[in-house]
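Below is the structure I would like to discuss, written out as structure tokens.
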Amino acid sequence: MSYVAAYLKLSSTELWEKVRIAEEMLKECTLCPRNCKVDRTSGNTGFCKTRDNPLVASWSPHFGEERPLVGRFGSGTIFFSRCNLGCIFCQNWGISHSEEGDEVSHERLAEIMIKMQAKRCHNINLVTPTHQMPMILHSIAIASEKGLKIPIVFNCGGYESIEALRVLDGIVDIYMPDFKYLNPEAALKYSKAEDYPEAVKVAIKEMHRQVGDLIIKNGIALRGLLVRHLVLPEETAWTGEIVKFIAEEISKETYMNIMVQYYPSYKAFECPPLDRRITAKEYNEAIAMALNAGLKRIDSKTEASALYAAMKWL
């Protein structure tokens, strides 16, 4: 039996009720732990500088994501503009920190989702969706009525509010959070979010409660949790503590991509040690920490190719 996307299991009434609840949150915004509490429906903006219309930077089938997302036909990736984090090393800073992107209607965003499905993409991959969740949810509801049926991937920074995540319960098939730090000093200095470590732990527990470990069938991810962690120079993020938390408090079966592709971007050149790439030794140590913690599903293709690239930096 083929997989049925989570949102298709809801009645139309249930789905639109979730849209209503999410849109109410925009009136005193608590979509992320910053709790700006501004009324975005009246044109006001908080930290993310986003009002109440979808703001899209780009969309296309993407073949650079994890293998279970990409499959044969790609991941249907939609990059949303702006962000609820302020990472000084953001490799997509032109999208997250600048004015790139266009406001679109809910109907247009739904149309983009349908077009991705028509291109045979295996999923709809929502990149940086946290601060635009109600608008995205509205568009999913429209798209589902027009025949959308592929899984939804919530590709986020990990800085989520539990209230917002609970609205998404029954909508999202695959949660793919970054796990940036467990070091609060680094979180404050590099992302303007000192409470990130505690917020991300609570968020990932809730994500796993909703969808469980990643289910892959015929090489394609269908449902579950996939955690990304970008290794930073000099163990700045406390990688060892991160993999220990995942193994001990989430699941040793967590599918985890420990990423090597850090490079100085945006304002990172001004903040040593983030002004350099990581070394092969640092990456090897990160992988060893994950294995020693008991994690069993480290993204092997990413690991192998990334390690080869890291060796060239020595």
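Pairs only if they're at least six apart or on different chains, beta carbon under 8 angstrom, first in the stretch 190-205 and on the phi < 0 side of the Ramachandran plot and touching a residue at least 24 places away in the same chain (Cβ under 8 Å), second surrounded by fewer than 18 Cβ atoms within 10 Å (Cβ to Cβ) and aliphatic (A, V, I, L, M); list them, first residue then second.
Going by the 8 Å Cβ cut-off, the qualifying pairs are V202/I162; A203/I162.
Which of the residues that make up the stretch 110-121 are buried (at least 24 other Cβ atoms within 10 Å of the Cβ) and in contact with a helix residue (DSSP H, G or I) (Cβ under 7 Å, 6 or more places away or on another chain)?
Matches in the stretch 110-121: M113 only.
Could you check how many residues of the stretch 82-124 are over 29 Å from R276 (Cβ atoms) and among the polar types (S, T, N, Q)?
So the count comes out to 3.
In the stretch 243-254, is there at least one residue being closer than 19 Å to G157 by Cβ, of a type outside the set (D, E) and touching a Pro at 6+ places or on another chain (Cβ under 8 Å)?
No, the stretch 243-254 contains no residue that is closer than 19 Å to G157 by Cβ, of a type outside the set (D, E) and touching a Pro at 6+ places or on another chain (Cβ under 8 Å).
So the check is Cβ under 9 Å with 6+ separation or different chains; which pairs have a first residue in the stretch 98-126 that's within 22 Å of P177 (Cβ to Cβ) and a second one that's in a strand (DSSP E or B) and charged (D, E, K, R)?
none
Let me ask something else. Which residue is surrounded by the most Cβ atoms within 10 Å (Cβ to Cβ), if the candidates are limited to the stretch 52-76 and must be touching a helix residue (DSSP H, G or I) at 6+ places or on another chain (Cβ under 6 Å) and in a strand (DSSP E or B)?
My answer is G76.
While we're here: Return yes when V172 is β-branched (V, I, T), buried (at least 20 other Cβ atoms within 10 Å of the Cβ), under 22 Å from G76 (Cα atoms) and within 15 Å of the chain's Cα centre (by Cα) and no when it is not.
Spelling it out, V172 is indeed β-branched (V, I, T), buried (at least 20 other Cβ atoms within 10 Å of the Cβ), under 22 Å from G76 (Cα atoms) and within 15 Å of the chain's Cα centre (by Cα).
Each reported figure results from applying straightforward, stated rules to the coordinates on display, with no laboratory input. Note that this is a predicted model, so its numbers are computed, not measured. Note: ideal-geometry Cβ built from the backbone for every residue, glycine included; neighbour counts use all protein chains shown.
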